[in-house]
Structures are given as C-alpha cells and as structure tokens.
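Written below as structure tokens is the structure these notes are about.
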Amino acid sequence: MSKSSEIVDLYKSSVAPTYSPSIVLQSGKGVTVRDADGRAMYDFTSGIGVQNVGYGRTKVIEAIQAQAAKMTHCSNLFINEPATRLAAKLVELSGLGGKVFFANSGAEANEAAIKLARKWGAESGRYEIVTMRQSFHGRTLATVTATGQAWCQEGYDPLPVGFKYADFNNLESVKAAITDKTVAIMLEPVQGEGGITPATEEFMKGVRSLCDEKNLLMICDEVQSGMGRTGTWFAWQGYGVKPDMFTLAKALGGGIPMSALVMNEKTANVFSAGSHASTFGGNPVAAAAALAVIEIIEDEKLLDKATEIGTLLKEALQGFVDQYDKLLEVRGKGMMLGLVVDGEAKDVVEALAAQGLLALTAGKNVVRFLPPLSLKEEDLEEAIDMISDALDCQFGE
C-alpha cells in the first residue's frame, strides 16, 4: 500500500465527509506541490485562492517564525502590533479612510459585514440585504442564506430572514428587489463559486449610484478576488467605484487563517465596544504573515504579473476554445479564470490532475484556474502543454 493510500483510508475513517478528496498533499514550493508519494504537480488552485504569492515563501515563513517566538496569541482586550500595522496598511491600500475588523474566515468576515449593515440600518428599521443569484458568501446560516444558490441551502431550513436575490449584472433586477426594508447591496466583483463571472463596469457603477440614491450600503465580497488576484489589490478597484465596506480572507494570511472587514469612514464606527468580537481575530502570527504577503506583492510587482501572465493564460485557453467544440468560453480577470465546458467540468479537472496540474470546478460546467500570482512564464508554458494534453484526452478525436 502506498503512503497516499494509507492516509486516504485514515482520512475516510476519521474526518467528517464534507469533502471528497483523493490526493494527499505533503509539501509545496512556489507553484508546485508534492503528494505523499513524492509526485510533483502544478497547483493552479492556489489552495482555492489562498497561496497568491506561492508556497514556501521565505519572507512569510520567517515572519511567522519570528512572531511565533514572541507571542502566538494576544487577546483583543489588549493591542498587538502586527494586527495594528496590518489594519493601517489595508486602510492605506483601499483608500477608503476607514477602519478594519479582523476575523478568521471569509464567512466570518461576511457575517461581520451583514451584522454591521443591520446595525447601521436599525434606527430606520431597515435590515434586508440584496445579494446576487449564483453568488457565494460562506457556510454559516446567515452567509449560506446570503448565497444565491439553492444547492448549498438544502436541509438547513428555516433560513434566517432578511435577504433578497437579484440577477448579477442586471441593474433592473437589483432595483426590483429593493424594498423600504433594504439596507445594503452585497456582491462579488467577480463571482467565484458561481462560475467565474466578472461584473460589468456598467453594473458596478450602477449599483454604486443606486446605493447613493437610496442611502444603501454597498458591500463587496473580495474573499476570493482580493489581494491582487484580478490585477488590482481588490477587484472593485478595477471598476472605478468605492464600496462602503468589503471583505477579505483566503490569500490575506498567506496560508494562515485570517479575514478582514474593511470599512469606509461612514461605516467605520458603527460597531462599538462589545457589539461584535472574535477571539482569534487579528491573531499576531497571522497578521505578521499577512504583512509579509503584502510586502512580497509590492516588491515583486505581482499586481502587474497577475495581469500580464493572466492575459497569456487567458489567450491560451481561448485557443483551446477555438479548437474544441465542447469548450464554450473563457471568462474572468487577471489570474481568476474560468473555462466553460459543454459537459461536466469535473471530468476535465480529473484529466488535468492525471497530467500533473491541479484545477478546480466553479459550478458544474466551469473549470476554474487560480494559479499563484508568482507564476513564471516558463512554468506557464509547461502548464499549457499539460492543459493541451488533458483536453486532447477529453475531446480529441
């Protein structure tokens, strides 16, 4: 029995079956991971959008080690320096001029945004939040209700009240969902789990104008699209609009669990002492890692690379669309790309894994590519050859 098989068997007997993995990953360096039997693979999942700067970055490792040697946890009844400096940096990068609340996961950051919006609207009796169909905002009861997809809500009734759904990229649908109880509009600038669908500029600007007109809060979920993935620090920055608040997670901590709610001046002081909290929010080790991640993105100009290398990958994928009738479309921004398939995306993902490249699905018919922003052009060329071989196995005559 191989080491991988042994661990898979132990996993199946010991871990709750909320996932169905078959590959055991043991190590990673740069854009490459290795399984328990030593097989190397390109990781074009980045741990589902987490490893934006790649695996095994010395600067991140050293930041984690140095902070862990000092203090691994600091209660929020006290101030820790790394989290404070990180908050100031996120405010600077966003240009919103507000403040930051730290938590541990995307769902928690989105929960914080939902709570803040309700608290902001409480005096006027408003609490409803309009979200988009095909969105994804998390797995807690509130965020799974905010998620505009029925499949992840099944079996969890009764769901919390206070959410209305509209069609993404359809401003008239959003207008129709607004009532006198509406307090906010929440959206992903690029829908991730819903199929890698970017918002149009017209839609983003229209939502911003609608929020200004109706005195609503605009909330952007940047859990997957943030931290440079689309070529700007936060995807909303590519649309010429500013939200009232936005959420971050995944890539923020460089592999250490961390999330943030970043607020503008209007929303910065809605929470007061004791009105919201997170024991591990702003963990000093995670904050130190996040500061190192930001430094790498700045020093290596990874925002530019996300656009440049992302364009090359998108062009290659478009070439495959032109070649195979079963491939319908390429969509996305930067290094957040989706290949739309006439059929089951999971079959293509399995074929890619067989060639040595890890990818994801985004819904039933979209293959999702989220390579590290640090991907080198020579690695991209080899990865494209793997994609070509996998597609030929699937769709070649």
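Miscellaneous remarks
- Residue within segment 85-101 that is in a helix (DSSP H, G or I) and of a type in the set (K, R) present: yes
- Residues being open to solvent by 70 Å² or more (accessible area, probe 1.4 Å), within 30 Å of D299 (Cβ to Cβ) and aliphatic (A, V, I, L, M) - total across segment 5-47: 1
- Checked against (1) buried (at least 21 other Cβ atoms within 10 Å of the Cβ); (2) more than 30 Å from M71 (Cβ to Cβ), N283 meets all criteria but (2).
- Scanning segment 136-163 for residues that are open to solvent by 80 Å² or more (accessible area, probe 1.4 Å) and not in a loop (DSSP other than H, G, I, E, B) turns up L141, W151.
- Any hit, segment 372-391, residues being in a strand (DSSP E or B), out of contact with any Ser or Thr (no Cβ under 7 Å at 6 or more places or on another chain), hydrophobic (A, V, I, L, M, F, W, C) and on the phi < 0 side of the Ramachandran plot: no
- Yes/no for A69 being buried (at least 23 other Cβ atoms within 10 Å of the Cβ) and more than 21 Å from the chain's Cα centre (by Cα): no
- First in segment 1-18 and touching a residue at least 24 places away in the same chain (Cβ under 8 Å), second anywhere and surrounded by 13 or more Cβ atoms within 10 Å (Cβ to Cβ) and in a helix (DSSP H, G or I), Cβ under 8 Å, 6 or more apart: none
- Options F78, F101: the member that is in contact with a helix residue (DSSP H, G or I) (Cβ under 7 Å, 6 or more places away or on another chain), open to solvent by 10 Å² or more (accessible area, probe 1.4 Å), among the aromatic types (F, W, Y) and closer than 20 Å to T279 by Cβ: F101
- For first residues located in segment 312-331 and at pLDDT 95 or above, partners that are loosely packed, with under 14 Cβ neighbours inside 10 Å and lie 6+ apart or on another chain with Cβ distances below 6 Å form the pairs K326/D342; L328/D342.
Rundown of residues vs (1) modelled with pLDDT of 95 or more; (2) among the hydrophobic types (A, V, I, L, M, F, W, C); (3) more than 21 Å from D244 (Cβ to Cβ), yes/no style:
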position	(1), (2), (3)
G138	yes, no, no
L141	yes, yes, yes
A146	yes, yes, no
K175	yes, no, no
M186	yes, yes, no
P189	yes, no, no
E202	yes, no, no
R208	yes, no, no
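The values are calculated or read from the model by the stated rules, or taken from the named source; none is laboratory data. Note that the structure is predicted; figures quoted are calculated from it, not measured. Counting neighbours? That spans all protein chains shown, and the Cβs are built from the backbone with ideal geometry, glycine included. The protein model used for the area step is the full one, side chains on, heavy atoms only, and it has no ligands, DNA or RNA in it. Shrake-Rupley method; radii C 1.70, N 1.55, O 1.52, S 1.80 Å.
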